[in-house]
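The values are calculated or read from the model by the stated rules, or taken from the named source; none is laboratory data. Small disclaimer: the values here were computed from a predicted structure and weren't measured. We place every Cβ from the backbone using ideal geometry, glycine too, and count neighbours over all the protein chains shown.
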Amino acid sequence: MAERTTTGTGRRGTQAVVVRGGTVVDQTGERPADVLVVGDRVVEVGTTVSPPRGAVELDASGCVVSPGLVDLHTHLRQPGREESETVESGARAASLGGFTAVVAMPNTEPTLDSAEAVRNVYELATTATAEVAVAGAITVARAGERLAPMAELAELGVRIFTDDGTGVQSAGLMRRALEYATGLGVTLAQHCEDATLAGDGAMHEGAWSSRLGIPGMPAVAEEVMVARDLALARSTGARIHFLHLSTAGSVGLVRRAKAEGLPVTAEAAPHHFTLTDACAAGYDPVFKVNPPLRPESDVGAVKQGLADGTIDAIATDHAPHAPEAKDLPFDQAPPGMLGLQTALSLALTELDLPLVRILALMSWQPAAIAGLDAARGGNQGGPVAPGSVANLCVIDPTATWIVDPAALASRSRNSPYGGRSLTGRVRHTVFRGEPVVIDAEAQR
Ligand SMILES: [Zn+2]
């Protein structure tokens, strides 16, 4: 199954790279060390490495050298919406954000619900600067009516399935999908939203939606599906991953389920711990996202969930929309915001967590959920050790920068963080031994 990880150009066998003078931080601990990479592999980690002549030197003084980040939730828009993003441009944005792997969501046009569609994305990703893992759809065309050929997709290496963009509305169909997924050893990921409760809501239902006259969707639209799926997980024994949890109620449900021992995991998106529904006050559609921005109390609960281990991963929900598509009245604009290039910096700036915890949430824990870690035959999420494939992220934790949406690598500009000052930045990214980002510049 390791076949699926052959995206990327691969490198001419012998080029050497030395990451010099940093502090290596991974799941095994923290130590000052240089990292020597030859070809696509880490060959030495230590304080006395002697690189071969001609090695590329990456300065990491004052920096943290970590396993590459892994994003569980990326919308690459290809095929079908190439004006918004492509596999290539999205992967470049990922590299700049420190990610060496992304999970591509299946809500493309056509949907990634067939072997042909999945192979097409793998093909597009062969020259990308990050590994692109595909999430397959649970149901054909994400229509929620009949199951996609999950076995065939699993055969191609698909490890995670979701109808993201919508939740699977039918409990009966979801139960069948869970039973099927368990047999295949794959994970279902749910976008928790009950359509009958969400209705045509365009933001969180609360004081701000009333004041602004924008139709709201209540927190309970998310929470009833979390609760339903926990009941289904309990009765089937299947694993479930909850996408972008955004409410205090959802976080509480997952916390109790984990205490009970259910095999569930969850992610949160940076915008749900950095922005609130008050951002909609100017009717700027850049703040429209699904699930919607929530009040301060929910933001606090998401942070608490990240701190206490209820939430396992920070995932971007990077959702590019071309300017002409996004520039509509708030209630008509498509939901979604860019995330790949700001996620790590937002976490470092806004979360009161040790850096190693943030790396756990953004590298090795999501790698395990996506089935991309060493334990499952992949090579994402570390540890940084001789013999491993060199997927590395070098972070300057003290660098400050101001977000300029026009300077992002995405084909779209819909970042809600324009003008925001952030602390902590990706300096270099190494993907399969290739320095794809050097000093915050994409190399190709
Ligand atoms: Zn979603």
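Examine the stretch 58-77 for a residue that is crowded, with 20+ Cβ neighbours inside 10 Å, among the acidic types (Asp, Glu), out of contact with any Lys or Arg (no Cβ under 8 Å at 6 or more places or on another chain) and not in a loop (DSSP other than H, G, I, E, B), and state whether such a residue exists.
Among the residues of the stretch 58-77, at least one is crowded, with 20+ Cβ neighbours inside 10 Å, among the acidic types (Asp, Glu), out of contact with any Lys or Arg (no Cβ under 8 Å at 6 or more places or on another chain) and not in a loop (DSSP other than H, G, I, E, B), which makes the answer yes.
Within the stretch 273-293, the set of residues being crowded, with 24+ Cβ neighbours inside 10 Å and within 15 Å of the ligand (Cβ to nearest atom) comprises Lys288, Val289, Pro291, Pro292, Leu293. Restrict the check to the stretch 133-155 and report whether at least one residue is touching a helix residue (DSSP H, G or I) at 6+ places or on another chain (Cβ under 6 Å) and among the charged types (D, E, K, R). Yes: the stretch 133-155 contains one or more residues that are touching a helix residue (DSSP H, G or I) at 6+ places or on another chain (Cβ under 6 Å) and among the charged types (D, E, K, R). Of the residues screened, Ala125 is not one that is surrounded by fewer than 22 Cβ atoms within 10 Å (Cβ to Cβ), in contact with an Asp or Glu (Cβ under 8 Å, 6 or more places away or on another chain) and within 27 Å of Thr139 (Cβ to Cβ).
Among the residues of the stretch 275-298, are any under 30 Å from Thr28 (Cβ atoms) and at pLDDT 95 or above?
no
Looking at the stretch 131-178, which of its residues are within 16 Å of the ligand (Cβ to nearest atom) and at positive phi? Scanning the stretch 131-178 gives Arg142, Gly144, Gly165. The C-beta contact set for the stretch 126-145 (first residue under 13 Å from Gly167 (Cβ atoms), second residue in a strand (DSSP E or B), distance under 8 angstrom, 6+ apart or interchain) comprises Ala137/Phe161; Ile138/Leu147; Ile138/Phe161; Ile138/Leu188; Thr139/Leu147. Can we say Val45 is part of a strand (DSSP E or B), within 27 Å of the chain's Cα centre (by Cα), buried (at least 17 other Cβ atoms within 10 Å of the Cβ) and of a type outside the set (D, E, K, R)? The answer is no for Val45.
Per the conditions (1) within 16 Å of the ligand (Cβ to nearest atom); (2) surrounded by fewer than 24 Cβ atoms within 10 Å (Cβ to Cβ), the sole criterion not satisfied by Asp327 is (1).
Right, Pro270: in contact with a helix residue (DSSP H, G or I) (Cβ under 7 Å, 6 or more places away or on another chain) and within 16 Å of the ligand (Cβ to nearest atom) or not? In short, yes.
Asp200 fulfils the conditions (1) surrounded by 16 or more Cβ atoms within 10 Å (Cβ to Cβ); (2) in a loop (DSSP other than H, G, I, E, B); (3) touching a strand residue (DSSP E or B) at 6+ places or on another chain (Cβ under 9 Å) except for a single criterion, (1). On inspection, Thr111 fails the criterion of being polar (S, T, N, Q), touching a Lys or Arg at 6+ places or on another chain (Cβ under 8 Å) and part of a helix (DSSP H, G or I). Just give me the residues in the stretch 255-271 being buried (at least 17 other Cβ atoms within 10 Å of the Cβ) and either of a type in the set (Asp, Glu) or under 19 Å from the mean Cα position of the chain (by Cα) (or both), in sequence order. Of everything in the stretch 255-271, those that are buried (at least 17 other Cβ atoms within 10 Å of the Cβ) and either of a type in the set (Asp, Glu) or under 19 Å from the mean Cα position of the chain (by Cα) (or both) turn out to be Val264, Thr265, Ala266, Glu267, Ala268, Ala269, Pro270, His271. Per this entry, Asp331 is counted among residues that are assigned to a loop (DSSP other than H, G, I, E, B) and of a type in the set (Asp, Glu). Taking the stretch 179-195 as the range and being in contact with a helix residue (DSSP H, G or I) (Cβ under 8 Å, 6 or more places away or on another chain) and either modelled with pLDDT under 95 or away from the ligand (no atom under 16 Å from the Cβ) (or both) as the test, the residues that pass are Glu179, Tyr180, Ala181, Thr182, Leu184, Gly185, Val186.
Determine if the stretch 92-112 includes at least one residue that is of a type in the set (Asp, Glu), more than 30 Å from Leu262 (Cβ to Cβ) and surrounded by fewer than 19 Cβ atoms within 10 Å (Cβ to Cβ). Yes, the stretch 92-112 contains at least one residue that is of a type in the set (Asp, Glu), more than 30 Å from Leu262 (Cβ to Cβ) and surrounded by fewer than 19 Cβ atoms within 10 Å (Cβ to Cβ). Residues in the stretch 298-324 that are in contact (Cβ under 8 Å) with a residue 60 or more places away in the chain and within 16 Å of the ligand (Cβ to nearest atom): Ile311, Ala313, Ala315, Thr316, Asp317, His318, Ala319, Pro320, His321.
Out of the stretch 237-253, which residues are crowded, with 19+ Cβ neighbours inside 10 Å, more than 16 Å from the ligand (Cβ to nearest atom) and part of a helix (DSSP H, G or I)? Within the stretch 237-253, Ala248, Val251, Leu253 qualify. For the stretch 334-372, a residue qualifies if it is crowded, with 23+ Cβ neighbours inside 10 Å and either free of Cβ contacts under 8 Å to residues at least 12 places away in the same chain or in a strand (DSSP E or B) (or both), and exactly one does: Met337.
Yes/no per residue for (1) over 30 Å from His191 (Cα atoms); (2) hydrophobic (A, V, I, L, M, F, W, C); (3) away from the ligand (no atom under 16 Å from the Cβ):
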| residue | (1), (2), (3) |
| --- | --- |
| Ala33 | yes, yes, yes |
| Ser89 | no, no, yes |
| Thr100 | no, no, yes |
| Met105 | no, yes, no |
| Thr111 | no, no, no |
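Considering the stretch 196-223 alone, what residues qualify as being within 30 Å of Ala368 (Cα to Cα) and away from the ligand (no atom under 16 Å from the Cβ)? Give the steps one after another, and end with the answer.
Of all residues in the stretch 196-223, those within 30 Å of Ala368 (Cα to Cα) come to 219-223.
Residue satisfying the conditions is Val220 alone.
Evaluating Leu338 against the criteria (1) in contact with a Leu (Cβ under 8 Å, 6 or more places away or on another chain); (2) at pLDDT below 95 leaves one unmet condition, (2).
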